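S.K.: One structure coming up, written as structure tokens, with questions to follow.
The values are calculated or read from the model by the stated rules, or taken from the named source; none is laboratory data. Predicted, not measured: the structure shown is a model, and the values here were computed from it. Neighbour counts run over all protein chains shown; Cβ positions are idealised from the backbone, glycine included. Just so you know, the surface numbers come from the protein's heavy atoms only, side chains and all, with ligands and any DNA or RNA stripped out. Shrake-Rupley method; radii C 1.70, N 1.55, O 1.52, S 1.80 Å.
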Amino acid sequence: MNRRLVLKQLAMATAGAMLLPACGVDPKKVSIALNHLNITGDEEDLLADIADTIIPATNTPGAKTVGAHLFTLVMVDDCLSKEEQEKYLSGMRSFNDKTKELYGKSFTKASPEDRLQQLTSLEKDAEKLPEDLKTFYSRTRQFVVQGYTQSQHFLTDIKPYQLVPGPHFKGCIPVTEQNPA
């Protein structure tokens, strides 16, 4: 047997073995790197749909457009304890099934009007929900609103950020009874 032929075949087999794991990976990956959470692309899409329902796009961009759902994932990944993260993920993974059980349609397959109705009903019946689902929805709502109000769009177009004390400060005027600044 020719030694060069064996080395070529061995190199090809090694390269094939290295590429093989990449062939079986889920094509829908999460768009950001997370340290502690292990979620799928479908779960990220669910979170984006919830964010878009909480703050929908009108003549201004909605929460999904400004990336508030990604902010939510980062906050859960970085700021919650391990137990809270597990409870959050458990609630996220049971959310679609629970909405299908309660309303007849899963959240991801529902129309925007039905999604709004489902979230409104979930808020009204929050005491009847399992603990992990309550944790998931309340944290998601909190972080989506926080992410939207801290987005570049919000701080430049809706409520422009001004450095404190801002242009209205007049430091050279003494404070008196007639002029309470």
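S.K.: What does the helix-only formula give at 222 nm for the chain: each DSSP H stretch with n ≥ 4 adding -39500 (n - 2.57), the total divided by the residues, and the result rounded to the nearest 500 deg cm²/dmol?
M.R.: -19000 deg cm²/dmol
S.K.: Tell me which aspartates and glutamates have Cα within less than 17 Å of K109's Cα, excluding those fewer than 8 residues away on the same chain?
M.R.: The reachable aspartates and glutamates, counting only those whose Cα sits under 17 Å from K109, are D42, E43, E44, D45, D49, D52, D97, E101.
S.K.: If the limit is 29 Å between Cα atoms, which of K29/K128; K105/K128; K82/K159 go over it?
M.R.: K29/K128; K82/K159
S.K.: Based on the alpha-carbon set only, what is the convex hull volume of segment 104-157 divided per residue, in Å³?
M.R.: 108 Å³
S.K.: Still on this model: Accessible area, 1.4 Å probe, largest first: how do R3, R93, R141, R115 sort?
M.R.: R3, R93, R141, R115
S.K.: If the convex hull of the alpha-carbon atoms of the chain is projected onto planes in all directions, what is the mean projected area in square nanometres?
M.R.: If you wrap the Cα atoms of the chain in a convex hull and average its projections, you get 21.1 nm².
S.K.: Need the full-extension length gain, E83 to S111, defined as separation in residues times 0.36 nm minus the C-alpha distance. One decimal, nm.
M.R.: Answer, rounded to one decimal: 6.8 nm.
S.K.: So what is the diffusion coefficient of segment 44-118 in µm² per second by Stokes-Einstein at 10 °C and 1.306 mPa s, using a Kirkwood Rh over Cα pairs?
M.R.: This corresponds to a translational diffusion coefficient of 121 µm²/s.
S.K.: In degrees between 0 and 90, to the nearest 10, how far off the longest principal axis of the chain does helix 82-103 point, with axes built from Cα atoms?
M.R.: The angle comes out near 90 degrees.
S.K.: Per-residue HN-Hα couplings for segment 146-157, Karplus 6.51 cos²θ - 1.76 cosθ + 1.60 at θ = phi - 60°, whole Hz, x for Gly and Pro?
M.R.: Karplus values, whole Hz, x for Gly and Pro: 4, x, 5, 6, 9, 6, 4, 4, 5, 7, 10, 9.
S.K.: Would you please put 148-157, 39-48 in order of how densely packed they are, using the mean number of other Cβ atoms within 10 angstrom per residue and starting with the highest?
M.R.: Highest-to-lowest ranking by the protection proxy: 39-48, 148-157.
S.K.: Moving on to the next point. Which value, in Å² rounded to 10, gives the accessible area of C172 with a 1.4 Å probe and all protein chains present?
M.R.: Accessible area of C172: about 120 Å².
S.K.: Which value, in Å² rounded to 10, gives the accessible area of S111 with a 1.4 Å probe and all protein chains present?
M.R.: Probe radius 1.4 Å; accessible area of S111 about 40 Å².
S.K.: Additional query: For segment 1-159, what is the accessible area per residue in Å² when the probe is 1.4 Å?
M.R.: In whole numbers, segment 1-159 has 62 Å² accessible per residue.
S.K.: Are there any chymotrypsin sites (Phe, Trp or Tyr not before Pro) in segment 84-120 that are in a DSSP loop and have at most 15 other Cβ atoms within 10 Å? List them by number.
M.R.: Sparse-neighbourhood loop chymotrypsin sites (Phe, Trp or Tyr not before Pro): none present.
S.K.: Non-local amide H neighbours of V30 (under 5 Å, H modeled in plane, Pro and chain starts lacking H): which ones?
M.R.: G41
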